[in-house]
1. Anything in region 55-101 that is surrounded by fewer than 16 Cβ atoms within 10 Å (Cβ to Cβ) and without any contact (Cβ under 8 Å) to a residue 12 or more places away in the chain? List them, or say none.
2. Residue check: is L95 touching a helix residue (DSSP H, G or I) at 6+ places or on another chain (Cβ under 6 Å) and in the same structural domain as I137 (by TED's automatic domain parsing)?
3. Among the residues of region 142-166, write down those that are modelled with pLDDT of 70 or more, of a type in the set (A, V, I, L, M, F, W, C) and touching a helix residue (DSSP H, G or I) at 6+ places or on another chain (Cβ under 7 Å).
4. If you scan region 8-60, which residues turn out to be assigned to a loop (DSSP other than H, G, I, E, B) and of a type in the set (F, W, Y)?
5. Would you please list the contacts, defined by Cβ atoms under 9 Å and residues six or more apart or on different chains, that run from a residue in region 126-141 that is at pLDDT 75 or above to a residue that is outside any helix (DSSP H, G or I)?
6. It is to be established whether one or more residues within region 45-60 are assigned by TED's automatic domain parsing to the domain that holds V85, closer than 20 Å to V125 by Cα, modelled with pLDDT of 85 or more and not small (G, A, S).
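The values are calculated or read from the model by the stated rules, or taken from the named source; none is laboratory data. Note that the structure is predicted; figures quoted are calculated from it, not measured. Cβ coordinates were reconstructed from backbone atoms using ideal geometry, including for glycine residues, and neighbour counts include every protein chain displayed.
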Amino acid sequence: MLLLQLFLSYLKIGFFGFGGGYAMLSLIQNEVVVRHAWMTNAQFADIVAVSQITPGPIAINSATYVGYTVGAQMGPAYGVAGSLVATFAVCLPSLTLMILVARFFLRLKNNRLVEGAMRGMRPVVIGMIAAAALLLIFPHSDAPGDRNFIDAWSWLLFGGVLAGSWRKVNPILMIVLSAAAGIAIYYPY
């Protein structure tokens with residue numbers, strides 16, 4: 001039953017998650033943390049962090065990780081099954097739509113209705129990305145021990161990385177320096 005719920009949740013995320021992985025984060029958070037309470041906001045934030053640093057799309061990486069975590073609640077053998085179910089479910093809508101749309105896209109590419117629909121979805125995608133960021137910064141959960149992971153050091157690191165981005169500092173260097181700062185600041189905790 002849990003694997004079916006996992007499949008249906010990620011199928012819904014796959015169908016309605018327009019705009020890529022970051023836009024899907026608010027949908028994933030709503031299903032995983034709010035609706036089913038499979039994990040806390042802090043655990044979800046960890047999943048987002050791990051999904052960002054591993055190769056591949058964030059939605060697929062997070063689906064694999066969440067699926068494994070949820071499946072493992074049923075027993076160690078179900079972790080892999082959960083990751084396969086969630087990953088397949090989040091990919092299925094895109095695969096299906098691409099097979100159906102690919103045939104007609106070249107003919108419809110310059111259609112006014114299609115162009116209007118694409119133009120109309122852009123602000124929604126920006127809003128969904130902003131909603132995901134706000135959910136990670138200001139979690140609204142009543143779970144005990146589920147607190148905001150943002151503190152003064154986090155804002156200081158964010159400001160440093162933002163300044164480094166404006167000054168065109170190498171992103172790999174910023175990641176390494178941020179990791180070193182995180183270890184120096186948070187290791188005793």
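1. Listed by number, the residues that qualify are P55, G56, G75, P76, A77, L95, T96, L97, M98, I99, L100, V101.
2. no
3. Taking region 142-166 first, the residues modelled with pLDDT of 70 or more are 151-166.
Keeping just the survivors that are of a type in the set (A, V, I, L, M, F, W, C) gives 152-153, 155-158, 161-163, 166.
Correct list: W153, L157, V161.
4. F18, W38
5. As it stands, the answer is I126/G19; M128/G17; M128/F18; M128/G19; I129/G19; I129/G20, since those pairs meet every condition given.
6. Yes, that holds for at least one residue.
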